[in-house]
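Notes follow the structure.
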Amino acid sequence: EDAERMARFDARIDAGEYIEPKDWMPAHYRKTLVRQISQHAHSEIVGMLPEGNWITRAPTLKRKAILLAKVQDEAGHGLYLYSAAETLGVSRDAMLDALHTGAAKYSSIFNYPTLSWADVGVIGWLVDGAAIMNQVPICRCSYAPYARAMIRVCREESFHQRQGFESLLTMMTDGTPAQRAMVQDAVDRWWWPSLMMFGPPDDQSPNSAQSMRWGIKRNSNDELRQKFVDAAVEQANVLGVALPDPALRWNAARGHHDFGAIDWSEFWRVVGGDGPCNRERLRARVQAWEDGAWVRDAALAYARRQDAAHEA
Ligand code: ACO
């Protein structure tokens with residue numbers, strides 16, 4: 001009977017149908033989605049930390065208001081994504097426990113430090129730009145609650161990308177030489193880690209084949225990385241910054257830019273917990289969870305009192 005259900009499920013996927021929480025799905029489909037959506041949610045939440053670091057030091061009221069709104073948006077994205085994962089039968093407590101004990105992954109990119117104000121602009125331009133490139137296809141993910149959540153997430157990410165680019169353009173056109181150098185230094189530090197966000201090369205990506213078969217992923221890691229490089233080259237020209245890759249050049253035969261080798265040993269080191277800020281990030285999340293215990297306790301006590309009053 002399982003083989004028959006499986007064949008029906010595959011046929012639905014092939015027909016481009018969306019899967020809803022109460023529909024039958026293979027156990028591995030459910031497990032893959034819980035893995036990807038929860039990792040994605042954790043990335044949004046941990047991703048608040050590097051930029052949150054600059055809220056009190058934003059150079060103007062306008063930049064501060066934008067940054068506050070953006071960091072709050074990331075919190076919202078995390079919450080929609082935890083809700084989407086919950087529809088698959090996993091509890092939020094279990095997901096958060098996995099994050100806080102270091103068992104869960106989150107995006108490698110958020111384990112790098114934000115050393116100057118220009119990093120905030122570069123995160124908007126490159127990191128959110130890479131996130132959009134990866135996330136727009138997920139608006140068509142076969143699992144409907146994830147796809148629906150991604151529509152709003154992508155709209156907000158576009159605003160994040162634009163504000164980052166605009167902030168850098170202001171520094172590059174109206175800034176002092178020192179400010180322009182600050183932008184270039186931030187680009188030099190964030191470029192390679194941004195390319196790593198798309199995940200390992202296709203031939204070293206254990207989940208890709210099955211996820212693409214099931215319409216969880218619509219494009220491969222390398223395809224999206226290439227699209228991102230092609231778009232970033234044009235944008236770097238407009239900004240007047242150099243991308244730190246001597247091998248980067250247009251390849252007319254391929255119709256794409258060639259680029260240099262990515263240091264995958266650095267990627268796996270960061271994913272494995274040994275990046276520049278992994279420990280600091282995890283400590284900040286655990287601290288926030290512990291500091292919030294009284295709020296959770298108070299909400300539960302209130303709910304219990306309401307229930308008791310209801311029953312009386
Ligand atoms: N950082 C940390 N871990 C990563 C990264 C990364 N940049 N890229 C891949 N990995 C992990 C995968 O999670 C997987 O680990 P697991 O099997 O233990 O779960 C392993 O490396 C092998 O990678 P793949 O087989 O390629 O994994 P997958 O098919 O899940 O593809 C990808 C990875 C592209 C990140 C996919 O999960 C995805 O599209 N996720 C949704 C988008 C997302 O999470 N974005 C977060 C950053 S953007 C933001 O928050 C602003």
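The values are calculated or read from the model by the stated rules, or taken from the named source; none is laboratory data. The shown structure was predicted, so the numbers you read here are calculated from the model rather than taken from an experiment. Every residue, glycine among them, receives a Cβ derived from its backbone with ideal geometry; neighbour counts consider all protein chains shown. Surface areas here come from the heavy atoms of the whole protein model, side chains and all, with no ligands, DNA or RNA. Shrake-Rupley method; radii C 1.70, N 1.55, O 1.52, S 1.80 Å.
For residue 264, only one of the following conditions fails: (1) exposed (fewer than 14 other Cβ atoms within 10 Å of the Cβ); (2) in contact (Cβ under 8 Å) with a residue 40 or more places away in the chain; (3) farther than 30 Å from residue 250 by Cα. What is its number?
(3)
Give the number of residues within the stretch 122-158 that are touching a residue at least 40 places away in the same chain (Cβ under 8 Å), among the small types (Gly, Ala, Ser) and farther than 21 Å from residue 22 by Cα.
Number of matching residues: 4.
Output the residues belonging to the stretch 193-238 that are polar (S, T, N, Q), within 17 Å of the chain's Cα centre (by Cα) and in a loop (DSSP other than H, G, I, E, B).
Passing the criteria: 219, 220.
Okay, residues lined up against (1) touching a Lys or Arg at 6+ places or on another chain (Cβ under 7 Å); (2) open to solvent by 20 Å² or more (accessible area, probe 1.4 Å); (3) closer than 22 Å to residue 15 by Cα:
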residue: 103; (1), (2), (3): no, yes, no
residue: 122; (1), (2), (3): no, no, no
residue: 127; (1), (2), (3): no, no, no
residue: 132; (1), (2), (3): no, yes, no
residue: 141; (1), (2), (3): no, no, yes
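Residue by residue through the stretch 45-61, note down the ones that are open to solvent by 70 Å² or more (accessible area, probe 1.4 Å) and either aliphatic (A, V, I, L, M) or under 12 Å from residue 214 (Cα atoms) (or both).
Selection gives 61 alone.
Okay, residues lined up against (1) within 15 Å of the ligand (Cβ to nearest atom); (2) over 17 Å from residue 138 (Cβ atoms):
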{"site": "14", "(1), (2)": "no, yes"}
{"site": "33", "(1), (2)": "yes, no"}
{"site": "55", "(1), (2)": "no, yes"}
{"site": "62", "(1), (2)": "no, yes"}
{"site": "66", "(1), (2)": "no, yes"}
{"site": "93", "(1), (2)": "no, yes"}
{"site": "103", "(1), (2)": "yes, yes"}
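Within the stretch 54-75, does at least one residue satisfy the condition of being closer than 20 Å to residue 273 by Cβ and in contact (Cβ under 8 Å) with a residue 24 or more places away in the chain?
Start the filter on the stretch 54-75 by keeping residues that are closer than 20 Å to residue 273 by Cβ, which leaves none.
Checked against the condition, which is being closer than 20 Å to residue 273 by Cβ and in contact (Cβ under 8 Å) with a residue 24 or more places away in the chain, the stretch 54-75 yields no hits at all.
Tally the residues that are open to solvent by 40 Å² or more (accessible area, probe 1.4 Å) and in a helix (DSSP H, G or I), restricting the search to the stretch 84-101. Break it down stepwise before answering.
Looking only at the stretch 84-101, we keep the residues that are open to solvent by 40 Å² or more (accessible area, probe 1.4 Å), and these are 86-87, 89, 91-94, 97, 101.
Still in the running and in a helix (DSSP H, G or I): 86, 92-94, 97.
Final tally of qualifying residues: 5.
Among 42, 28, 77, which is within 14 Å of the ligand (Cβ to nearest atom), open to solvent by 30 Å² or more (accessible area, probe 1.4 Å) and not basic (Lys, Arg)? Before you say what the answer is, go through the steps one by one.
Values: 42 fails: open to solvent by 30 Å² or more (accessible area, probe 1.4 Å); 77 fails: open to solvent by 30 Å² or more (accessible area, probe 1.4 Å).
Residue meeting the stated conditions: 28.
When residues of the stretch 275-312 are filtered for being charged (D, E, K, R) and over 31 Å from the mean Cα position of the chain (by Cα), how many remain? Write out each step before concluding.
Going residue by residue through the stretch 275-312, those that are charged (D, E, K, R) are 279-281, 283, 285, 290-291, 296-297, 304-305, 307, 311.
Narrowing the set further to residues that are over 31 Å from the mean Cα position of the chain (by Cα) leaves 304-305, 307, 311.
The qualifying residues number 4.
Quick grid of which residues meet (1) under 23 Å from residue 141 (Cα atoms); (2) acidic (Asp, Glu); (3) in a helix (DSSP H, G or I); (4) open to solvent by less than 60 Å² (accessible area, probe 1.4 Å):
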position	(1), (2), (3), (4)
161	yes, no, yes, yes
169	no, no, yes, yes
178	no, no, yes, no
187	no, no, yes, yes
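Return the pairs, sorted by first residue and then second, in which the second residue is among the hydroxyl-bearing types (Ser, Thr, Tyr) and within 11 Å of the ligand (Cβ to nearest atom), the first residue lies in the stretch 92-117 and is farther than 29 Å from residue 164 by Cβ, the beta carbons are less than 8 Å apart, and the residues are 6+ apart or on different chains.
98/38
Assuming residue 114 fulfils every condition listed in (1) surrounded by 14 or more Cβ atoms within 10 Å (Cβ to Cβ); (2) assigned to a helix (DSSP H, G or I) apart from one, which condition is it?
(2)
Go through the stretch 10-25 and give me each residue that's surrounded by 13 or more Cβ atoms within 10 Å (Cβ to Cβ) and touching a Phe, Trp or Tyr at 6+ places or on another chain (Cβ under 7 Å).
The first filter runs over the stretch 10-25 and keeps only residues surrounded by 13 or more Cβ atoms within 10 Å (Cβ to Cβ), leaving 10, 12-13, 17-19, 21, 25.
Hits for the stretch 10-25 are 13, 19, 25.
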